Amino acid sequence: MAELSELVQEVVKSSSWWERHGVDICIITLSFLLLPAGFLCLRSAHAIPFLAGIVILGVVHHTLTVKGSHLASHNALTESKSWGKVWALFFIELCAAFTAEQATYNHVKMHHGYTNVIGLGDSSTWKLPFLNRYVYMFIAPLAVPVLTPLVALHLLRNVKLKTALRTICFMLLGLYSHYWILLHVSGFRSAWSALLCMLVTRALLAHPYTHVNIFQHIGLPMFAADRKPKRIQLMSLGVLNLPRNALLEWSFGHSLISCHVEHHLFPGLSDNMCLKIKPIVSQYLRKKQLPYNEDSYVSRLRLFLQKYEELMVHAPPITELVGIQ
């Protein structure tokens, strides 16, 4: 791991600010600039502009709440820790209606710290064994916009009262702002139509968002906490990259799609930097005869539909989950 880290650090040090942070900040800024066009398109009585508004707002929403929140949780948008905290509150709580503290703890400390370790970072929170495969894969994702703030409220039991009140205020401000703009800018005439539009736009990419989160870890080697291998082996065995996809990488970021292995090895890097170090990481792992897992979206979807109960319902015995040491 030290040898690979040196190679990557050389690339990072030789990269400009634009490469380290600018590209991703530009994508997020452009997304913000598209918001007025999206809301104004919804004023149209014609189907094509109205649907264009839905698509624009849906893509922008996921760019801010997935890509923005993910980068902010890793402090990858800026080199300043103070500004990093500000961006985490803005993207995670105001835009995504979630709790910044719990998002950072569960994702950064647990999922990244114990990737594919049973009971710690094994992605089991994504499993809903009481749902059948078709409901989980194709219907349940539509509930993500509703479940997200509800889960956040549940998790607020684990934080201080002051923090909980701040989170609730930011969540309400973000949700009400979206609702208010639909009524007063987009021209929706009823509360129900505005709420339905909020649900549709916020769920536009909920299916790939759900799928990506299970495709890239579940079904790969899992490990017991007392028998997990070295970090580089843990990440190479337990993480998978999907192919490049313009829409998903714009909305979710390279680190969640085609550079997930790189992201787990170097979580503090921005999406653009993960893409830049991808050739170095893949060549190094293959040179050391370590796995560099890659698979297509369709292939993973087929696998999860065929082996849904094995992967998402009936966890195999721990002896079967423990991989190469």
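Output the relative contact order of segment 198-325, whole-number percent, from Cα pairs under 8 angstrom with separation of 6+ residues. Mind dumping the intermediate values first?
Numbers: 132 pairs, mean separation 39.4, N = 128.
Relative contact order here is 31 percent.
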Quiz item: Where does the longest stretch of the chain lie that holds no trypsin sites (Lys or Arg not before Pro) found in a DSSP loop with 10 or fewer other Cβ atoms within 10 Å?
Solution: 1-159
Self-check item: Cα-centre dipole for segment 208-288 with unit charges at Cβ (Lys and Arg positive, Asp and Glu negative), debye to 20
Solution: 440 debye
Quiz item: Any idea what angle helix 191-202 forms with the longest principal axis of the chain, computed on alpha-carbon atoms, 0 to 90 degrees, nearest 10?
Solution: 30 degrees
Quiz prompt | Per-residue HN-Hα couplings for segment 272-283 [Karplus 6.51, -1.76, 1.60; θ = phi - 60°; Hz; x = Gly/Pro] | solution = 5, 6, 4, 5, 5, 8, 3, x, 5, 5, 5, 5
Quiz item: Farthest toward the dipole's positive end in the chain, which of Phe188, Trp18, Leu4, given Cβ charges of +1 (Lys, Arg) and -1 (Asp, Glu) about the Cα centre?
Solution: Phe188
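When the convex hull of the C-alpha atoms of the chain is computed, what volume per residue in Å³ does it have?
143 Å³
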Quiz item: Excluding ligands, DNA and RNA, what is the solvent-accessible area per residue of the chain at a probe of 1.4 Å, expressed in Å²?
Solution: 49 Å²
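Probe radius 1.4 Å, ligands and nucleic acids ignored: give me the carbon and sulfur share of the accessible area of the chain as a rounded percent. List each step's numbers first, then the result.
Values: 10520 of 16020 Å².
The computed percentage sits at 66.
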Self-check item: Among Ile139, Ile277, Ile214: highest mean-square fluctuation, GNM of the chain, C-alpha pairs under 10 Å
Solution: Ile139
Practice problem: As a check on your grasp of the helix formula, calculate [θ] at 222 nm for the chain: sum -39500 (n - 2.57) over DSSP H runs of n ≥ 4, divide by the residue count, round to the nearest 500. | Solution: -16000 deg cm²/dmol
Practice problem: Treating the angle as unsigned and between 0 and 90°, give the value, to the nearest 10°, between the Cα long axis of helix 2-13 and the longest Cα principal axis of the chain. | Solution: 40 degrees
Quiz item: Magnitude of the Cβ-charge dipole of the chain, K/R +1 and D/E -1, about the Cα centre, nearest 20 debye?
Solution: 320 debye
Quiz item: In degrees from 0 to 90, rounded to the nearest 10, what is the angle of the helix 144-155 Cα long axis to the longest principal axis of the chain?
Solution: 70 degrees
Quiz item: With springs only between Cα atoms under 10 Å, which of Ala140, Ala100, Ala72 fluctuates most in a Gaussian network model of the chain?
Solution: Ala140
Quiz item: Using bins 10 angstrom wide from zero, how does P(r) for segment 244-306 break down, in % of all Cα pairs?
Solution: 22, 47, 28, 3
Quiz prompt | Cβ-defined net charge surrounding Leu237, 12 Å radius [Lys, Arg +1; Asp, Glu -1] | solution = +3
Quiz item: Normalised by the number of residues in the chain, what is the relative contact order in percent for Cα pairs under 8 Å and 6+ residues apart?
Solution: 23 percent
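Sum up the charges of everything whose Cβ sits under 13 Å from the Cβ of Pro149, counting Lys and Arg as +1 and Asp and Glu as -1, but leave Pro149 out. Numbers along the way, then the final one.
Working: positive: Arg202; negative: Glu93.
That sum, taken over residues with Cβ under 13 Å, equals 0.
The values are calculated or read from the model by the stated rules, or taken from the named source; none is laboratory data. All values reported here derive from a predicted model rather than from experimental measurement. Virtual Cβ from ideal backbone geometry, glycine too; neighbours counted across all protein chains shown. Surface accessibility is based on the protein's heavy atoms, side chains included, excluding ligands, DNA and RNA. Shrake-Rupley method; radii C 1.70, N 1.55, O 1.52, S 1.80 Å.
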